[in-house]
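Since the structure comes first, as structure tokens, the remarks are kept for the end.
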Amino acid sequence: MCGVPPVAVDHEDLVEPQFGDVFGCRNEQYNEQNNYPNPEVDNEANNEQVNDRVDDLQNVDEDPAQIETRGRHVQGVSCTPLDMPGPSEVRYNVTASATWVIPGADSYSFGIDTTSTLATPEPRTMIYKGQFFPSKKDLKRLVGHFAMHHNFEWKVKRSNKTTLHPVCIIDDCTWKLRAVRRDEGTYFQVRSFVNEHSCPLEEIHRRHRQASAVIIGEVVAPRFQQHDSRLMRPKDVIADMKTMYGIQIMYSKAHDALQYALSLTYGTHEEAFQLLPSFAYVLEQQNPGTITDLQCTDDDKFLYFFMSLGSSIRGFRRCIRPVIAVDGTHLKGRFGGTMFVATAQDGNEQVYPIAFGYGDSENNLSWEWFLECLRGALGNIDDLVFISDHHPSIEAGISKVFPYATHTICCWHFGENMKKRFHRKDVVDIMNDAARLYSELKYNRHMEELRKLHKAAFDYAIAAGPHKWSRVHCPQRRYRLMTTNVAECINSCLKFVRQLPMMTLAEFIRNMLQKWFHDRHAAARSMRHQLTDVAHLVILKRVEKCNYMTVNPVDWNIFSVKLKGNQWTVNLRLKTCTCNKFPNGPFPMERNLDYTSLCADYYKRETLIDAYSVPIMPVGHPSSWVVPSDIASRVVLNPKSKRQSGRPMKGRHASSSERTTTQSCRRCGQSGHNSRRCSNPPMVNEGPSISVPDEYRRKCSICHSIGHNKQTCPEKDSTV
């Protein structure tokens, strides 16, 4: 069975599913409609009415499954925004000659909601005479919850295929329950229940025997995902169990309970790999133009998976600057692996994801495969530029798959490599300033300063290739993208979901992009200027700077511009300037030109609206998928992986430049200087002093007294 956490929905008539509903207990609405007594009232007062109602039910020819499910409300998660068409309005018919019952689809749940705050209700632990349970396993689970809720332990007195008879763990206690299986099916019914205890207080234990990892996992499953998308930790489970039930559990049991809750909420990794072909097929059907690729080994083990949504492909080819940042990040799940990301930046300087890939690690084969899939999705792009870190596999893959593209490196990563090699921050600052300059003359001045300051760092920068890290020497335009920060932002958004199963992670990304496209499309339509908000602010700052410029016309299209001893030449017809900042650079204002016509189309409001005009459609629950039999029956097994022993590391090792060390003075105790440069009075130790016997204290070698040495001894002169 799959536990889906309750979420806030728009329908007022829906109620939140409780643990009593999952385990076969009738809810309050069902009790009221059928004149059932409230089980939370005294059990003895209700037994007579319940017995009469049970006798009536035995004479009705109705399926027990219908009795248990009638009156319940099924709660669903709607991922479609309010202003977007629903799946039924733009439903694409899936035509297939044969369909297949997808294995594990009924029990699988994405369990993801990136917008709603999850409710955390108390589980219902109601037991009364005449109650039905779908199976013996469900009965035992609810009895376990009941014991935890009422702080007692029970043991099984008799148990077989048709009977379950638990009693209190104390021999003289009167609490007991007896349930038998109905003649038809696997349903169990409570025939007798004595809910009275005669246990002494000294027999109550804080380490509950019914508090197993399975029971605790079912308790914390609805509370598993927090509103800030941060997954729970074992210490959170320990605190919750102490607060809710007064039970102290071990860390190992809390960890196992979290793993079980993870499988209940998001499905298992094995189910995710098996459902991946069906997910890729439905994703392509619901979102036309989507490109997916699933690669397995010869023995049907998972190897690679690629996903690029059709809306992202269309928007990038039509409306986004041809600069792509690629990066890889580690997955934290059971089988590890690496996630590959290709992102761009729209005209409003927002992250624009293009493609995602999943592989075993960052090596030549995996990067080459990912880049080949990316080329198949995007096609040939003119003036294409890639930005990445200094990973050799990325450089080798781009040179082989995209020989016509320009490969550049991230300035921040390049600076970190220089800082790690030369341990000089001033050297890195000069290199970063030189990398972002538009003028070659200013670039040469900074490099000459770097050569005089540190010759080895200068040689290292030249050997790396200025065309890879310098804006002025780049063969193609890098625009305002000098780092891979847009790719790092995607990795940060997926920080706490990279440990989820593969298909759940892919659905989380699709759901996240669905929300982004909707919100950004609405924000772009509400912009008041012809340019995007970010581009408009940049233009306003440069317009203010133009007031201090001296403009001399050369002809109707060419102008000479002077500012603080500098001089540039602007050609409006060719849209060029000697400062290399055009078309967002200075231009004459005396002629009342429409400066929006001089800006690139990437920065215009209509282009931004077009980039997010095609919505991303949801795929629905796996149980509702219609998939051809050859795709649904495809076997995808777990990948080949070997995890290291011990607790897996969730975070990454910080580089030397990221570690913040605070220097403190041992003389005064303050930070920011050392004892050699200290000008403060020495600190006084006001704490309790440790008494040392006189025979262990240092004495003067002249007078043999305590408290001074021979250099400050008062008898020094007399002895000389």
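The values are calculated or read from the model by the stated rules, or taken from the named source; none is laboratory data. The shown structure was predicted, so the numbers you read here are calculated from the model rather than taken from an experiment. In this analysis, Cβ positions are derived from the backbone assuming ideal geometry, glycine residues included, and neighbour counts consider all displayed protein chains. These area figures cover heavy atoms from the full protein model, side chains too; ligands, DNA and RNA do not enter into them. Shrake-Rupley method; radii C 1.70, N 1.55, O 1.52, S 1.80 Å.
Quick notes on this structure:
- Over segment 243-323, all Cα pairs binned in 5 Å intervals from 0 give whole-percent P(r) values of 3, 11, 14, 14, 13, 12, 10, 8, 7, 6, 3, 1, listed from short to long.
- Amide proton proximity set for HIS407, modelled H, under 5 Å, gap of 5+: PHE386
- Scaling the Cα radius of gyration of segment 453-611 by the globular reference 2.2 N^0.38 Å produces a ratio of 1.41.
- A simple rule links phi to the HN-Hα coupling: the Karplus curve 6.51 cos²θ - 1.76 cosθ + 1.60 with θ = phi - 60°, which for segment 475-490 gives x, 10, 6, 8, 6, 9, 9, 10, 10, 9, 5, 5, 6, 5, 5, 4 Hz, with x for Gly and Pro.
- Cα gyration tensor category, rounded, prolate or oblate, for segment 248-403 with a/c compared to 1.5: prolate
- Cα gyration tensor shape of segment 280-358, rounded if a/c is under 1.5, else prolate or oblate by comparing a/b with b/c: oblate
- Cα-projected label distance for SER198 with SER526, points at 7 Å along beta-carbon direction, nm: 6.9
- Förster radius 51 Å - calculated FRET efficiency between ASP555 and ASP519 (Cβ-Cβ, nearest 0.05): 0.65
- Two-site label geometry, HIS149 and ARG182: point separation in nm, points 7 Å out along Cα→Cβ: 2.2
- Using θ = phi - 60° in the Karplus curve 6.51 cos²θ - 1.76 cosθ + 1.60, the 3J(HN,Hα) couplings for segment 282-299 round to 5, 5, 5, 6, 7, 10, x, x, 6, 10, 10, 8, 10, 10, 10, 7, 5, 9 Hz; x is entered for Gly and Pro.
- At q = 0.08, 0.20 Å⁻¹, base-10 log of I(q)/I(0) for segment 340-498 (Debye sum, equal scatterers on each alpha carbon): -0.26, -1.34
- Cut-off 19 Å, label 7 Å out along Cα→Cβ of LYS400, residues of segment 353-379 by amide N: 357-377
- Gained length - ARG666 relative to LYS545, 0.36 nm times residue gap less alpha-carbon distance: 38.5 nm
- Excluding ligands, DNA and RNA, the accessible surface per residue across segment 594-641 is 43 Å² with a 1.4 Å probe.
- Multiplying the residue separation of ARG421 and ASP172 by 0.36 nm and subtracting their alpha-carbon distance yields 82.1 nm.
- Contour excess over end-to-end distance, with Cα ends at SER361 and GLN248 and 0.36 nm allotted per residue: 36.7 nm
- With the highest mean first, a sort of the peptides 343-349, 567-573 on other beta-carbon atoms found within 10 angstrom per residue produces 343-349, 567-573.
- For peptides 492-501, 435-444, 255-264, sequence by mean Cβ density within 10 Å, most packed first: 255-264, 492-501, 435-444
- Proximity of backbone amide H atoms, modeled 1.01 Å from N, is registered between ASP327 and VAL341 at under 5 Å, excluding neighbours fewer than 5 places apart on the same chain.
- Applying 1/(1 + (r/R0)^6) with R0 = 35 Å to the Cβ-Cβ distance of LYS699 and SER675 gives a FRET efficiency near 0.80.
- Shape category assigned to segment 449-535 from the gyration tensor of Cα positions, a/c cut at 1.5: oblate
- Under-5 Å amide H pairs with PHE188, H placed in peptide plane, nonlocal only: PHE133, SER135, ARG182
- Karplus (6.51, -1.76, 1.60) ³J(HN,Hα), θ = phi - 60°, over segment 327-332, in Hz, Gly and Pro reported as x: 7, x, 9, 7, 8, 10
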